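Coordinate-derived values only; no laboratory data. Because the structure is a prediction, the values reported are computed rather than measured. Because the Cβ atoms are built from the backbone with ideal geometry, glycine has one as well, and the counts that use them run over all protein chains shown.
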Protein chains: 2
Amino acid sequence: MTAYQELMAFQRETEALSQIAGRLGWDQETMMPEGATPQRAEEHGAMANILHARRIDPRVGDWLETAVPADDVARANLRHIKRSLDRASKVPARLAAELAKTTSLAHRTWAQARADEDVPAFLPILQKVVDLRKEEAAAIAGNADPYDALLDDYEPGATGASLAAMFDALRPRLVALRSAILDKPAPQTLSGEFDEAAQLALSEKLALAFGYSVANGRIDKAVHPFSSGSGLDVRITTRTSLTDPFNCFYSTVHEVGHAAYEQGIDQAHLLTPLGRGVSMGVHESQSRIYENQLGRSRAFTSWLYGQMRDAFGDFGIADEGAFYATVNRVSDGFIRTEADEVQYNLHVLLRFDLERALMAGDLAVNDLEAAWNDRFKADFGYAVDKPSNGVLQDVHWSEGLFGYFPTYTLGNVYAGCLHQALRQAVPELDDQLAQGDTSQATGWLRTHLQQFGGLRSPADTIQHATGNAPSEAPLLDYLDAKFGDIYGL
Amino acid sequence: MTAYQELMAFQRETEALSQIAGRLGWDQETMMPEGATPQRAEEHGAMANILHARRIDPRVGDWLETAVPADDVARANLRHIKRSLDRASKVPARLAAELAKTTSLAHRTWAQARADEDVPAFLPILQKVVDLRKEEAAAIAGNADPYDALLDDYEPGATGASLAAMFDALRPRLVALRSAILDKPAPQTLSGEFDEAAQLALSEKLALAFGYSVANGRIDKAVHPFSSGSGLDVRITTRTSLTDPFNCFYSTVHEVGHAAYEQGIDQAHLLTPLGRGVSMGVHESQSRIYENQLGRSRAFTSWLYGQMRDAFGDFGIADEGAFYATVNRVSDGFIRTEADEVQYNLHVLLRFDLERALMAGDLAVNDLEAAWNDRFKADFGYAVDKPSNGVLQDVHWSEGLFGYFPTYTLGNVYAGCLHQALRQAVPELDDQLAQGDTSQATGWLRTHLQQFGGLRSPADTIQHATGNAPSEAPLLDYLDAKFGDIYGL
């Protein structure tokens, strides 16, 4: 065997073990009996140790030195493996262990602080997390911008500065659009209750309509919907709310977007570094285009309206037009995960600017709450009423996930680019969506993006699919047009 | 840290990984989407390689050489780890790989041969499996009896000769009892259909009645019922048959017996070699005493009769006495897994004698079918009608599981010993069982056997619980008394 073949055989086992570790997480959220928690923590720890040891195995470095790539696929595989080795070997074991211990404690502290609406109780441990992540960033990137070193873990090649340029162009137009919309009369909301078994049945129909393969996946209920796994076993979860069936339907379609990406990767890349979605941002572009540009389009919601009438009878919305406005209703709210397409990115931009300032040392942890509240007031026009609606809202920082938030908006930006290209490639798209048929849309995404997995960098993945470098302009144009139409702006 | 502490820390991770590997098997039988099969095979392979490498890790040998046990628990831990290292390091990697490949192929060949009723199609690959297992046995035990080397993997300390002595005492009395029973009029059978949701609900009630903890487990459906996992996460499966609710109920109680053993082990042994049931035979003693001596007793079935009347209304059995006879009905049949308490062991003894002769070279693979059919005719009095009811009936040999069958009967023998001791310790047992209350019975088993896990050898585990060395006499006396009573012998 050549060095490349030996390396890939070793890597294949590592990828298989990584799939097992991921499925352990799925099991924990869906199937695990409550009393198993302490044992499960040890199981997770044992798998993490095995995977870490394999990533920094000295043989990997040796193989990388002598492996000769035969083609672009091999070159990409080597690039991913080298990147993983570099990052893993630069972080001292002592620091990795301290980070794991501290974020575990911080997570519990955050949950209690949020329940108690007690920001000061969370800040000391948050300070520790910030300090440790800075130390980790310095170990990886030396004197370079620590935020970039963290961001690179979720979105290889992206930098805080490049994102800031894009996001700073988004913000004023989103603030203006939001304000214009909220000056108009609000569309109707849903009222009444919606049978949960019927929600789950229609949710499964939606998953299948968006091309999710249950031969290579399954749908279960979980508190927080997620997608899990790569290759031939990609599972999703959903949830129900008795009064809000959209929560179930659009959670499902969102997770189907993630899962379809994984299921759509060329099986030649199975259990290799190319056999997974290339970045968080590109992943989110798939979940978002499925959920929003396709799932919340006028055409698709006209089909969904009929499905809901079949499932629930007359539920108080007079026609497809009113239903489209209800699905896309924009209203005040504090919570990022409940936000509509227009306001969602404002929530993310706030977090991005604050966490970047934290990492740069331009914002002290003790000033974080005030900075959050000021920024929220500036963009949304009203004050945060309590910490659980503000700085204690999200789990991410307690887990040390700095650099993760911007990938949400980057995904929306990418989805805007892909949607523009898709519309040009498939002019008759709306006729199909109005029949509940997404096959040309999802087929185009599979052909132009999903199948390649990790072959190209995230930005190149979008450029290859659309023919253009990523830009925020298509997303802004799409939002202006869509909400201008709905709200008569 | 001392050598013992270092070894135990390493072993603890190995045990955690082993739990993950086991749960992967559970997932495959209950949750895995069909299309995931090829990927799952690689995942299983990767985990098996990791576990094997840890079992023969050179550090384990070093630690074992210098570790000083402080007490009986430490001594037992060292004994288990040494045994695992010895077995694993004696089998060459080449042979282990060939066995894995050959049994995988043999399993598929057997399934097809059974479907086709085609014994000759199975024999060549069975010959290979036999040869490889003999080679493995020789690698482990040198010139000692190869069957003993294999048996020792399932029942440490047992030998073919010691089991044969016990089983040879069982056989004539079981043949005689069977014959006497079948000369009498047969009890009524169940007729009609039994709602499957109601079966599952009552099955869960039975699991709880026998002390199964759903806080540390869960119950799902599977084609073949099984119990999976140790420590804080012990899951069971069951199945339903529309016309045979006993299949569901007694499968569940059987698996609860296995699971209760795992759940009953002292949590001080969690994720150590003592934290698992000590042998297949002792495991089966728990499943069997739950299922048969307790679950099929006159007292307990009187409670079950009432439960079934509540769940299904009048199902055609007039009273508790008739119900007891129906539950314990003895009738002709070819299939081991469907056999009653009297005939079950005759099925096992047949397989034990044949596989021992195969391994000793006293029986050729080509003569196996004829030997099976002759022996069946001798013990059961009628001829095997087709291979799927005879030599192709069970999966075990195709998977190379020689030495496994006798642990089924050994479990019944142990259950007989435990039941005798339990009756002496808890004279009022029947009053409780008649109320559906098994707490004193299961509490006695937990206190006297289950809690100790792997502390003592299998035989010493039974001796410690009962005060006597294991013997077939209590099982035979119990069967004579019980079936003599039911059939008026």
**Request:** Between residue A:266 and residue A:71, with labels modelled 7 Å along Cα→Cβ, what's the label distance in nm to one decimal, could you check?
**Result:** 0.7
**Magnitude of the charge dipole, chain A, Cβ model with Lys/Arg +1 and Asp/Glu -1, debye to 20** = 720
**Request:** Choose one of A:110, A:36, A:97: the residue whose Cα lies farthest towards the positive end of the charge dipole of segment A:3-144 (beta-carbon charges +1 Lys, Arg; -1 Asp, Glu; about the Cα centre).
**Result:** A:97
**Asked** From the label point of residue B:61, set 7 Å along Cα to the beta carbon, how far off in nm is each other copy's matching point, shortest first?
**Response** 2.7
**Prompt:** What distance in nm separates the simple spin-label points at residue A:52 and residue A:338, each placed 7 Å from Cα in the Cβ direction?
**Reply:** 3.8
**Request:** Take every Cα pair under 8 Å in segment B:164-262 that's 6+ residues apart, average their separations, divide by the length, and report that relative contact order as a whole percent.
**Result:** 27
**Amide H partners (placed H, <5 Å) of residue B:276, local residues excluded** = B:454
**Item:** segment B:103-185: C-alpha gyration tensor shape, a/c 1.5 cut-off, then a/b vs b/c
**Value:** oblate
**Fill in**
Per the C-alpha gyration tensor (a ≥ b ≥ c, the square roots of its eigenvalues), the protein assembly as shown is rounded if a/c is under 1.5, else prolate if a/b beats b/c, else oblate; here it's prolate
**Item:** chain B: Cα Rg divided by the 2.2 N^0.38 Å rule of thumb
**Value:** 0.98
**Request:** Could you work out, residue by residue across A:15-27, how many beta carbons of other chains sit within 10 Å of that residue's beta carbon, and then give the average as an integer?
**Result:** 5
**Message:** Quick check on packing: order B:256-265, B:24-33 by the mean number of other C-beta atoms within 10 Å, highest mean leading.
**Reply:** B:256-265, B:24-33
**Request:** Return the percentage of antiparallel bridges among DSSP beta bridges fully within the protein assembly as shown, rounded to the nearest 5 %.
**Result:** 40
**Asked** In terms of Cα to Cα distance under 22 Å, which lysines are near enough to residue A:482, apart from those fewer than 8 places away along the same chain?
**Response** A:184
**Complete:** Mean separation of Cα contacts under 8 Å (at least 6 apart) over the residue count of segment A:132-171, i.e. the relative contact order in percent, is 24
**Item:** Residue-averaged [θ]222 nm for the protein assembly as shown, counting only DSSP H segments that reach four residues, each worth -39500 (n - 2.57)
**Value:** -21000 deg cm²/dmol
**Asked** Where the centroid of each part is defined by its Cα atoms, how far is segment B:353-381 from segment B:403-461 in Å?
**Response** 33
**Message:** Below 8 Å between Cα atoms, with a sequence gap of 6+, how large is the relative contact order for segment A:145-489 in percent?
**Reply:** 25
**Prompt:** Peptide A:46-55: average number of partner chain Cβ atoms within 10 Å per residue?
**Reply:** 3
**Message:** Using the Cα centre of segment A:1-88 as the reference point, and only Cβ charges (+1 on K/R, -1 on D/E), how large is the resulting charge dipole? Debye, rounded to the nearest 20.
**Reply:** 260
**Ranked list, fewest to most other Cβ atoms within 10 Å of each Cβ, for B:56, A:125, B:81** = B:56, A:125, B:81
**Request:** Put one equal scatterer on each alpha carbon of segment B:3-144, apply the Debye formula with no solvent term, and list log10 I(q)/I(0) at q = 0.21 1/Å to two decimals.
**Result:** -1.27
**Request:** With unit charges on the beta carbon (Lys/Arg positive, Asp/Glu negative), name the residue among A:432, A:402, A:272 whose Cα is farthest towards the positive pole of the charge dipole of chain A.
**Result:** A:272
**Centre separation in Å (Cα based) which lies between segment A:1-74 and segment B:265-299** = 35
**Projected label distance in nm at residue A:366 and residue B:111, using a 7 Å step from Cα toward the beta-carbon** = 6.7
**Request:** Can you list the distances in nanometres, one decimal and ascending, from the residue B:488 label point to the identical position in each other copy, with the point 7 Å along Cα to Cβ?
**Result:** 9.2
**Request:** Please list, in chain and number order, the residues 5+ apart from residue B:329 or on another chain whose amide H is under 5 Å from its amide H, with Hs placed from the backbone.
**Result:** none
**Nearest-0.05 FRET efficiency for residue B:186 and residue A:399, computed from C-beta distance (R0 60 Å)** = 0.40
**Message:** How large is the convex hull of the C-alpha atoms of segment A:381-472 per residue, in Å³?
**Reply:** 172
**Prompt:** Within segment A:370-476, which GluC sites (Glu not before Pro) sit in a loop by DSSP and count at most 10 neighbouring Cβ atoms inside 10 Å?
**Reply:** A:428
**Asked** At residue B:185, label 7 Å along Cα→Cβ: distances to the other copies, nm, ascending?
**Response** 8.5
**Complete:** Sorted on mean Cβ neighbours within 10 Å (highest first), peptides B:8-19, B:309-320 come out as B:8-19, B:309-320
